[in-house]
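Written below as structure tokens is the structure these notes are about.
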Amino acid sequence: CTSPGKMLLCVCWALLCGAVAANHHPLPLRYSHWSDHYHHHNDDHNAKQHHTKGKWVPYEPMTDEFNSAKVNTSKWYTHDPTWFGRQPGLFAAHNVFTKDGYLHMLARHEKINSTQRQKEGYHNYTTSSVKSKVTTKYGYFEVRWKSGSSKISSSFWFNTPKTVDGWRIEIDVFETTGASAPKFAQHLPSHTHIWDTPFPKKERPDKCHCTPDKQPNSPCTVGETYKTGADLSSAFNVVGFEWNTTHIEVHFNGKHVWTKVNYCLHTPVAMLFDRETMPNWFGLPPFSELPDDFMIDYVRTWKWEGHALREEHYVMSPKLKKPK
């Protein structure tokens, strides 16, 4: 870059590279591997053409690389402001921190000093929760994570903080556990729960295509479990969750694993990561296995700008029926 001509060329090249770098944001893993994803659908060309009608736009309020020295409290609560946790594990903000480019969420064997919390059934375990300060509806959500090694859950989910127009919903993208619960350590269980509706509870199974729980004050549920074939606490994995007006679907390490028609999930929700004690599902871990660490490398969220993503997903899962 010593001659005037070369210097001008170098300056232009530097400006171009800078502009590209400034605007770079990785695509969802699910959409950066077209041929891998659509190889068995025989509709690769049509799917690509469909996506040229719009673009994925990053949604910053629910995107974080966790590279800062502290949790970004403009985006996240380091506790759940509406819930203390699932007994006997009590959410504790000191179990949440960032370090070495990861969000760390610990579970510990720890004495509960609050007499009030003890009366409410919290004892011997503290866990962790991170919750978004904004709510959203629809999008593509991607997380790279490694589950904690104990029986205390490592979860990525959404819920309606309060009833909105008669609706209260919950979307559990995954509720995983670690190697100390070998029956479940390779499972990626997902559920949607309909807690409140503007119509009578007895109508939920027909209108929302869900299964009611026999217990009082319980939700109407749809569930799916993907068997990953690997212990989710042994390595990092990537989950993708797409949610739009017609369907929801989950991807694991770039592979589509299931799709469901979206009948009743149309209410804004908050994003959550948490650790919960689940004695009736995973069991409680011995104190000797704690503390353990649920690690999140990043969460990235996009919104689709342009033509709605609809038809390709019914090609992908032809047995599904479109909601009326």
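The values are calculated or read from the model by the stated rules, or taken from the named source; none is laboratory data. No experiment lies behind these values; they were computed from the predicted model shown. No Cβ is skipped: glycine too gets one built from the backbone with ideal geometry, and neighbour counts run over all protein chains shown. Ligands, DNA and RNA are stripped out before the accessible areas are found, and what is left, the full protein with its side chains, is counted by its heavy atoms. Shrake-Rupley method; radii C 1.70, N 1.55, O 1.52, S 1.80 Å.
Touching a residue at least 40 places away in the same chain (Cβ under 8 Å) and either touching a Leu at 6+ places or on another chain (Cβ under 8 Å) or over 16 Å from Tyr140 (Cα atoms) (or both): is that true of Ala270 in this structure?
Here the answer is no, as Ala270 does not meet what is asked.
Restricting the search to the range 88-130, which residues are basic (Lys, Arg) and in contact (Cβ under 8 Å) with a residue 12 or more places away in the chain?
Correct list: Arg108, Lys111, Arg117.
Give just the number: which of (1) on the phi > 0 side of the Ramachandran plot; (2) open to solvent by 40 Å² or more (accessible area, probe 1.4 Å); (3) within 22 Å of the chain's Cα centre (by Cα) does Asn124 not satisfy?
(3)
Can you list the strands (runs of 3 or more DSSP E) lying wholly within the range 82-160 that have 3 or more residues being within 28 Å of Pro268 (Cα to Cα)?
Filter on the range 82-160 gives 89-91, 96-99, 102-109, 129-136, 139-146, 154-159.
Residue under question is Ser233, and the condition is that it be open to solvent by 50 Å² or more (accessible area, probe 1.4 Å), out of contact with any helix residue (DSSP H, G or I) (no Cβ under 6 Å at 6 or more places or on another chain) and farther than 20 Å from Arg168 by Cα; does it hold?
In short, no.
Each row is one residue, and each column tells you yes or no for (1) closer than 25 Å to Tyr102 by Cβ; (2) in contact with a His (Cβ under 9 Å, 6 or more places away or on another chain).
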site: Ser154; (1), (2): yes, no
site: Pro198; (1), (2): no, no
site: Lys207; (1), (2): no, no
site: Gly229; (1), (2): yes, no
site: Trp243; (1), (2): no, no
site: Phe252; (1), (2): yes, no
site: His256; (1), (2): no, yes
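Among the residues of the range 194-218, which ones are within 21 Å of the chain's Cα centre (by Cα) and open to solvent by 30 Å² or more (accessible area, probe 1.4 Å)?
The one that is within 21 Å of the chain's Cα centre (by Cα) and open to solvent by 30 Å² or more (accessible area, probe 1.4 Å): Trp195.
Output the residues belonging to the range 213-225 that are modelled with pLDDT of 95 or more and out of contact with any Phe, Trp or Tyr (no Cβ under 6 Å at 6 or more places or on another chain).
Of everything in the range 213-225, those that are modelled with pLDDT of 95 or more and out of contact with any Phe, Trp or Tyr (no Cβ under 6 Å at 6 or more places or on another chain) turn out to be Cys220, Thr221, Val222, Gly223, Thr225.
Results for (1) within 14 Å of Val130 (Cα to Cα); (2) open to solvent by 20 Å² or more (accessible area, probe 1.4 Å); (3) at pLDDT below 95, shown as yes or no for each residue.
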{"position": "Lys53", "(1), (2), (3)": "no, yes, yes"}
{"position": "Phe66", "(1), (2), (3)": "yes, no, no"}
{"position": "Lys70", "(1), (2), (3)": "yes, yes, no"}
{"position": "Ser74", "(1), (2), (3)": "yes, yes, no"}
{"position": "Gln87", "(1), (2), (3)": "no, yes, no"}
{"position": "His94", "(1), (2), (3)": "yes, yes, no"}
{"position": "Met105", "(1), (2), (3)": "yes, no, no"}
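I'd like to know if the range 133-141 contains one or more residues that are farther than 27 Å from Lys55 by Cα and either modelled with pLDDT of 95 or more or surrounded by fewer than 18 Cβ atoms within 10 Å (Cβ to Cβ) (or both).
no
Any residue in the range 251-259 that is of a type outside the set (A, V, I, L, M, F, W, C), within 22 Å of Pro212 (Cα to Cα), at pLDDT 95 or above and buried (at least 17 other Cβ atoms within 10 Å of the Cβ)?
Yes, the range 251-259 contains a residue that is of a type outside the set (A, V, I, L, M, F, W, C), within 22 Å of Pro212 (Cα to Cα), at pLDDT 95 or above and buried (at least 17 other Cβ atoms within 10 Å of the Cβ).
Applying the selection to the range 55-81, what residues are free of Cβ contacts under 8 Å to residues at least 60 places away in the same chain, in a loop (DSSP other than H, G, I, E, B) and touching a Ser or Thr at 6+ places or on another chain (Cβ under 9 Å)?
Once the filter is applied, which keeps residues that are free of Cβ contacts under 8 Å to residues at least 60 places away in the same chain, in a loop (DSSP other than H, G, I, E, B) and touching a Ser or Thr at 6+ places or on another chain (Cβ under 9 Å), the range 55-81 yields Asn67, Ser68, Ala69, Lys70, Val71, Asn72, Lys75, Thr78, His79.
For Ser288, all conditions in the list (1) modelled with pLDDT of 95 or more; (2) open to solvent by 10 Å² or more (accessible area, probe 1.4 Å); (3) in contact with a helix residue (DSSP H, G or I) (Cβ under 9 Å, 6 or more places away or on another chain) hold save one; what is the number of the exception?
(3)
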